[in-house]
Structures are given as structure tokens and as C-alpha cells.
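Chemist: For reference, the structure I am asking about is given below.
Please treat every number below as a calculation from the coordinates, not as lab data. Since the structure is predicted, the reported quantities are computational estimates derived from the model, not experimental observations. Cβ sites come from the backbone with ideal geometry, for glycine too, and all protein chains shown count toward neighbours.
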Amino acid sequence: MKQIRNLVVLFFVSFFYLKAHGQSLSLNETTSFYEYSKIKDTTTNGLVVKFKKRLESLNYKDIEILDSSITCKGFTNHLVMGFATVEIRYVIKLFFKSDKYKLTVTNFILTDKNGSNPLEGLGSFKRKWIGIIDKKLPEIVSKIETLNINESW
């Protein structure tokens with residue numbers, strides 16, 4: 001009985017640890033959109049230019065640069081049941097302050113052959129799609145934050 005209790009405690013501790021430290025979407029109460037956001041300290045100079053070049057190399061669209069921010073649009077695909085492709089579109093927002101930046105991925109829209117729907121409007125399927133997007137977030141964020149890759153053909 002004690003072993004079962006220890007396993008249950010271990011499960012809950014590991015679940016909440018991963019949830020607190022993993023990359024996952026949360027509902028922004030101010031905007032009512034699901035988003036992932038992180039703030040990172042850095043000593044890299046010229047971040048705006050470097051991020052702009054990186055986003056262009058990753059084929060992000062509608063890149064808009066303001067004084068201390070960059071906004072752009074991107075997408076990824078997900079194959080449902082092995083044959084139906086769903087495009088997951090999103091918006092990247094980067095905000096810059098001295099020695100740090102904030103990266104936000106938000107405004108998720110799912111598009112398939114039947115049309116487009118925002119993540120917030122998916123009803124009972126919302127949790128499933130949040131899980132799918134959570135699995136894709138590490139790759140999206142990693143590609144954006146990799147500023148010093150020498151890309152060559």
C-alpha cells in the first residue's frame with residue numbers, strides 16, 4: 001500500500017513539475033487568446049537585426065519591425081489520422097528591452113479543407129489541439145532562438 005501511495009505522489013510531483021517547466025499554452029486573460037510566452041536574458045548585441053534575419057531565413061511572413069518589437073506570421077502542419085492535413089497558423093511577437101527579450105507565440109488558427117477556426121473557438125476539441133501545439137512549441141521556439149547558425153546551400 002505504501003508503494004502505491006509513493007507512486008501516486010511521484011506521479012503528481014512529476015506531472016506538476018513538467019507542467020510548470022515545460023512549454024505549454026495558457027490563456028491570456030487580457031487578450032482572451034491562448035499563447036506561449038517566455039522572457040530570456042541576453043547579452044547579444046543587435047538582437048532586432050539578428051531576429052529579423054533569422055525569421056526571414058525561416059520564411060516567416062508579414063515581418064513588421066517597430067522600435068523595440070518584431071511581429072510576424074508563421075505556420076506548421078499536423079497530419080490527422082494519417083491523411084488529412086491541418087495547417088496551424090500563429091503569430092510571433094518579439095519585444096526587446098536592454099539585456100532581455102520576450103518571445104510570444106499566439107493567435108493560433110487551424111485551417112483544413114473545411115475552413116479556418118481560431119483555437120479559442122474549437123469547443124470540445126480545444127484541449128486536444130492545445131496538446132498538439134504544445135508538442136510543436138519546442139521546435140518552433142528553438143528554431144527562432146537559434147541566431148548564430150551559418151546557413152549555406
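Chemist: Can you tell me which residue among Ile130, Ile109, Ile88 is in contact (Cβ under 8 Å) with a residue 24 or more places away in the chain, of a type outside the set (S, T, N, Q), surrounded by 17 or more Cβ atoms within 10 Å (Cβ to Cβ) and touching a strand residue (DSSP E or B) at 6+ places or on another chain (Cβ under 6 Å)?
Modeler: Ile88
Chemist: Is there any pair linking a residue in segment 46-67 that is without any contact (Cβ under 8 Å) to a residue 12 or more places away in the chain and aliphatic (A, V, I, L, M) to one that is assigned to a helix (DSSP H, G or I) and crowded, with 17+ Cβ neighbours inside 10 Å, with Cβ under 7 Å and at least six apart or on different chains, and which?
Modeler: Short answer, once both residue conditions are applied: Ile63/Lys52; Ile63/Leu55.
Chemist: Out of Thr104, Thr111, which single residue is within 24 Å of Leu147 (Cβ to Cβ), polar (S, T, N, Q), within 18 Å of the chain's Cα centre (by Cα) and part of a strand (DSSP E or B)?
Modeler: Criteria check complete, one pass: Thr104.
Chemist: Tell me which residues, restricted to segment 101-131, are of a type in the set (Phe, Trp, Tyr) and in contact with a Pro (Cβ under 9 Å, 6 or more places away or on another chain).
Modeler: Phe108
Chemist: Restrict the check to segment 117-129 and report whether at least one residue is in a strand (DSSP E or B) and either within 14 Å of the chain's Cα centre (by Cα) or over 25 Å from Thr30 (Cβ atoms) (or both).
Modeler: Scanning segment 117-129, I find no residue that is in a strand (DSSP E or B) and either within 14 Å of the chain's Cα centre (by Cα) or over 25 Å from Thr30 (Cβ atoms) (or both), so the answer is no.
Chemist: Here is a list of conditions, (1) of a type in the set (D, E, K, R); (2) farther than 17 Å from Glu145 by Cβ; (3) under 16 Å from the mean Cα position of the chain (by Cα), and Asp62 meets all of them except one; can you say which number that is?
Modeler: Only one criterion is unmet by Asp62, namely (3).
Chemist: Could you list all residues from segment 28-71 that are hydrophobic (A, V, I, L, M, F, W, C) and either under 14 Å from Leu103 (Cβ atoms) or surrounded by fewer than 13 Cβ atoms within 10 Å (Cβ to Cβ) (or both)?
Modeler: Ile39, Leu47, Val48, Val49, Phe51, Leu55, Leu58, Leu66, Ile70
Chemist: Same structure again: Of the residues that sit in segment 91-103 and are without any contact (Cβ under 8 Å) to a residue 40 or more places away in the chain and touching a strand residue (DSSP E or B) at 6+ places or on another chain (Cβ under 8 Å), which one is farthest from Tyr36 (Cα to Cα)?
Modeler: Phe95
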